[in-house]
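Below you'll find the structure, written out as structure tokens, and then a few comments.
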Amino acid sequence: MTSNSQRRPVLRLLLIPVLVLGLALAVAACGGDDDGNGSESAAENGEGGVPEGLEIVSIPKQLGNPYEEVEHGGVEEATTELGGEHSYEGPTDAGASSQVPLINAAGQQGVDALIIAANDPNAVCPALQQAEQSGVAIVAMDSDAAPECRSIFINQASTEGIGQAQIEMICDQVPDCEGEIAILSATANATNQNAWIEVMEQELEKEEYSGLELVEIAYGDDDDQKSFQETQGLLQAYPDLQGIIAPTTVGIAAAARFICGSPNEGEVVVTGLGTPNQMRQFVDSGCVEEFALWNPADVGYLAAHAAANLTAENITGEEGETFEAGRLGEYEIGADGEVILGPPTRFNQENIGDFDF
Amino acid sequence: MSANAGASAARAYPRRLSELARWEALIFVLIVATLIFGSGLSDRFLTLTNFSFASKDIAEIALMALPLALIVITAEIDLSVASVLGLSSAVLGELWLAGWSMEAIIPVCLAIGALCGAFNAFCVTRLGLPSLAVTIGTLTMYRGLALVVLGDQGVTDFPAEWTRFGFEDIPGTSIPYPIALVALLAVGLAVLLHATRLGREIYAIGANEEAARFSGIRVKRIKSMLFVLSGTVAALAGIVYSLRLASARANYGEGFELSVVAAVVLGGVSIFGGKGTILGVVLALILLGAIRSALTLGDVSQEWVLIVTGALLIAAVLGPNLVQRVREARAHRRDRDTWSAPSGEG
């Protein structure tokens with residue numbers, strides 16, 4: 001074949017992607033340019049009230065996490081109370097960049113506020129900042145984003161309080177507060193778990209916990225199966241393991257499922273953060289003595305009220321500002337835009353029957 | 001002249017535009033359908049801003065899919081690309097922590113990507129191991145290396161003058177920097193594959209490796225080059241990804257290899273080798289990006305993105321299979337008619 005007839009198909013080949021791109025851009029140009037001014041929220045009410053018809057989008061770390069579903073149910077509750085519209089959009093995996101398209105979409109749609117539990121504090125930052133420029137109020141809850149990318153962070157309890165409570169519980173439950181312990185966390189990039197683990201490590205350096213030795217931090221990625229397998233791995237690697245702290249509801253449920261009913265029951269303490277409904281059977285059987293949490297619905301509820309007040313420009317996220325949060329009462333913003341819900345609640349055989357979530 | 005009955009299953013080099021256009025035209029039609037569908041779901045879909053957002057989301061997949069297409073045309077595969085992305089990100093983070101400048105870090109990351117590709121090439125060409133097995137192994141190994149290099153931490157304080165290359169548009173246009181990179185790579189590889197002798201040799205290797213070797217084509221050298229290219233581009237994708245997210249982590253890119261292979265298969269590149277075009281892969285990437293964007297903007301649950309992509313993939317594999325069977329059935333019928341006609345000989 002001569003070089004000419006080979007060159008023609010090539011030109012046509014190069015022509016077609018150019019055509020496709022040109023078509024797409026032409027259609028886009030005709031479709032109108034989104035100049036980033038999408039937010040048409042009625043922020044005219046300066047009296048301390050919140051305008052009706054607010055559009056709030058909430059993004060969990062991942063779809064299908066029961067804890068997060070309760071949390072975002074709280075957002076729904078508050079938004080409905082305020083006469084607004086709530087939209088729940090989540091990624092199918094907890095990867096660092098999975099939330100980025102959802103954040104972008106919220107910004108493009110011009111919603112009033114975005115509430116997010118970040119998979120990675122920094123990976124979502126550029127997207128959040130861009131959304132903020134489009135006029136979206138950004139509130140992080142549960143798992144924080146970097147402070148410069150959000151106005152307010154709703155922390156379920158103080159980070160110190162959560163870390164301390166878990167170390168206290170493991171010390172109470174492990175015989176003589178002595179022995180090897182391990183932590184079964186969620187994903188390696190999760191802001192919240194990492195912050196609590198840091199506190200736990202600091203606590204363990206204290207005199208009263210000198211008998212406890214943290215031998216490993218395992219990552220169950222908030223995946224039930226992986227958490228189950230990681231628990232197995234921990235027990236194989238450390239046969240003398242006395243206790244496992246799982247600061248994640250998926251992890252603690254999986255670890256309890258592995259240990260309760262196995263020869264390790266009674267030998268290895270399981271504690272951490274869990275939901276009463278998931279842990280009820282293990283507490284009733286006596287396998288798990290005590291664990292902690294807070295009401296996740298309240299976290300979402302508080303986040304929605306914070307977001308609404310941000311949109312209404314009653315607050316800007318500065319330390320010392322206060323706002324009304326419906327049935328939860330008045331809250332004050334702390335340092336770095338952080339709002340703390342309250343102290344963690346400990347669940348054991350005495351009180352677990354009082355809760356349903 | 002029973003041209004059809006004798007035609008080999010894989011037309012090694014598309015000579016006529018009509019043949020080339022069949023698969024690509026179908027994908028093009030699907031793209032148009034998606035654009036219409038997407039604009040029906042949301043009036044923000046067909047905007048330049050959305051083009052910028054949506055194309056960035058698929059930029060790294062696109063970068064890795066292009067060299068992979070060439071590898072698949074030679075009837076090999078490289079599943080380690082996403083792990084090389086992660087390793088590149090980890091090295092970037094670690095060297096940044098050590099105080100290196102970005103100008104010095106980038107070539108190192110690319111070199112490491114090339115080394116990863118070279119190792120794959122060595123196992124496949126010198127040791128003669130099947131690339132599927134090798135790259136599944138290196139997928140795990142490189143990810144492990146990434147975790148050794150950077151551990152669990154994330155590195156986040158990259159300066160704005162570099163991160164803007166990850167997520168900003170070229171000034172004055174709505175084209176993000178990464179997309180310009182993808183376009184450059186696509187054009188370069190298209191020219192390589194369809195207008196050079198090397199490109200013809202790549203097709204020949206995929207169509208029939210033995211015959212290619214006997215006709216003097218340096219099969220091992222070409223395959224090695226392709227694996228090294230794939231590794232280097234995967235490392236580049238890691239750099240782009242880290243800049244776009246303004247952070248570096250060892251676990252970045254986990255699971256991406258599936259999307260990359262999906263784009264290649266959907267682009268009409270045959271797993272058995274010898275068939276496929278860069279145009280097809282580019283169109284497939286546009287289609288996948290458009291679907292993802294349309295569903296996300298339309299507030300459709302993210303699970304549907306997975307369902308639709310999976311369904312498309314199945315159709316992409318089944319489609320040619322069915323067409324082949326229909327063709328064979330028709331040829332069989334024609335032969336049967338020929339043989340059963342009364343012969344005037346003898």
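Only the coordinates and a few stated rules stand behind these numbers; no lab work does. Predicted model only: the values in this text are computed from it and were never measured. Every residue, glycine among them, receives a Cβ derived from its backbone with ideal geometry; neighbour counts consider all protein chains shown.
In a fully extended conformation the segment linking residue B:303 and residue B:29 would gain 96.2 nm over its present Cα-Cα distance, using 0.36 nm per residue. For the protein assembly as shown, build the charge dipole from Cβ charges (+1 Lys, Arg; -1 Asp, Glu) around the Cα centre, then report which of A:151, B:59, A:97 sits farthest towards its positive end. It is B:59, whose Cα lies furthest towards the positive end. Counted by neighbouring Cβ atoms within 10 Å, the residues B:227, B:37 run from fewest to most as B:37, B:227. Between B:336, B:143, B:44, where does the largest GNM mean-square fluctuation fall for chain B, given springs only between Cα atoms within less than 10 Å? Comparing B:336, B:143, B:44 in the GNM, the peak value goes to B:336.
By the gyration tensor of its Cα atoms, with a ≥ b ≥ c the square roots of the eigenvalues, what is the shape of chain B: rounded for a/c under 1.5, prolate for a/b over b/c, or oblate? Oblate.
Quick one: compute the contact order of segment B:266-346, relative version, from alpha carbon pairs under 8 angstrom and 6+ residues apart, as a percent. Present the calculation step by step, with values, prior to reporting the outcome.
Working: 37 pairs, mean separation 16.5, N = 81.
Contact order relative to length: 20 percent.
Mean per-residue shielding of peptide A:93-104 is 5, counting Cβ atoms of other chains within 10 Å of each Cβ.
Between the residues B:293, B:35, B:175, the greatest Cα displacement towards the positive end of the dipole of chain B, with unit charges on the Cβ of Lys, Arg, Asp and Glu, is found for B:35.
For segment A:159-293, the gyration tensor built on C-alpha atoms gives a rounded shape. Its axis ratio a/c (a ≥ b ≥ c) stays under 1.5.
Averaged over the residues of peptide A:317-324, the number of Cβ atoms from other protein chains lying within 10 Å of each residue's Cβ is 0. For chain B, the longest principal axis of the Cα atoms and the long axis of helix B:256-266 meet at an angle of about 30 degrees.
Nearest 5 is fine: what % of DSSP beta bridges in chain A come out antiparallel, could you say? Provide the component values of the computation, followed by the final result.
Details: 7 of 41 bridges.
Antiparallel bridges: around 15 percent, rounded to the nearest 5.
Helical content of chain A, expressed as a calculated mean residue ellipticity at 222 nm, amounts to -13000 deg cm²/dmol (DSSP H runs of 4 or more residues, -39,500 (n - 2.57) each, divided by residue number, nearest 500).
Given the Cα-Cα distance of residue B:122 and residue B:43 and 0.36 nm per residue of separation, how much length would full extension add, in nm? Spell out each step's value before the answer.
Numbers: separation 79, 0.36 × 79 = 28.44 nm, distance 5.11 nm.
Here the segment from residue B:122 to residue B:43 would lengthen by 23.3 nm.
Here segment A:315-357 and segment B:148-183 have alpha carbon centers that stand 37 Å from each other. The angle between the Cα long axis of helix B:131-150 and the longest principal axis of the Cα atoms of chain B comes to about 0 degrees, rounded to the nearest 10.
Between B:49, B:125, B:135, the GNM of chain B built on Cα springs shorter than 10 angstrom shows B:49 fluctuating the most. Here's the picture: charge each Lys and Arg Cβ at +1 and each Asp and Glu Cβ at -1 in the protein assembly as shown, and of A:253, A:209, A:309 the one pushed furthest to the positive end of that dipole is A:253. Computed over chain B with a Gaussian network model linking Cα atoms closer than 10 Å, the most mobile of B:279, B:129, B:287 is B:129.
Run lengths n ≥ 4 of DSSP H only: what is the helix-derived mean residue ellipticity at 222 nm for chain B, with -39500 (n - 2.57) per run over all residues, to the nearest 500? Don't skip to the end; give the middle numbers.
Numbers: 14 runs with 251 residues, N = 346.
-24500 deg cm²/dmol, from helical runs alone.
Placing pseudo-labels 7 Å out from each Cα toward the beta carbon at residue A:81 and residue B:100 gives an inter-label distance of 5.3 nm. If you take the square roots of the eigenvalues of the alpha-carbon gyration tensor of segment A:167-238 and sort them as a ≥ b ≥ c, do you get rounded (a/c under 1.5), prolate (a/b over b/c) or oblate? Oblate, since a/c reaches 1.5 and b/c is not below a/b. For residue A:345, the residues 5 or more places off, or on other chains, whose built amide H falls under 5 Å of its own are A:293, A:294. Taking Cα atoms only, the orientation of helix B:303-340 departs from the longest principal axis of chain B by about 20 degrees. At full extension, residue A:176 and residue A:313 could sit 44.0 nm farther apart than now, given 0.36 nm per residue minus the alpha carbon distance. Counting only residues at least eight positions apart within a chain, or on another chain, the aspartates and glutamates with an alpha carbon under 17 Å from that of residue B:223 are B:76, B:78, B:201, B:209, B:210. Counted as membrane-span-like here are DSSP H helices of chain A whose alpha-carbon atoms extend 24 Å or more along the helix's own axis and whose Kyte-Doolittle mean is 0.0 or above; these are A:3-31.
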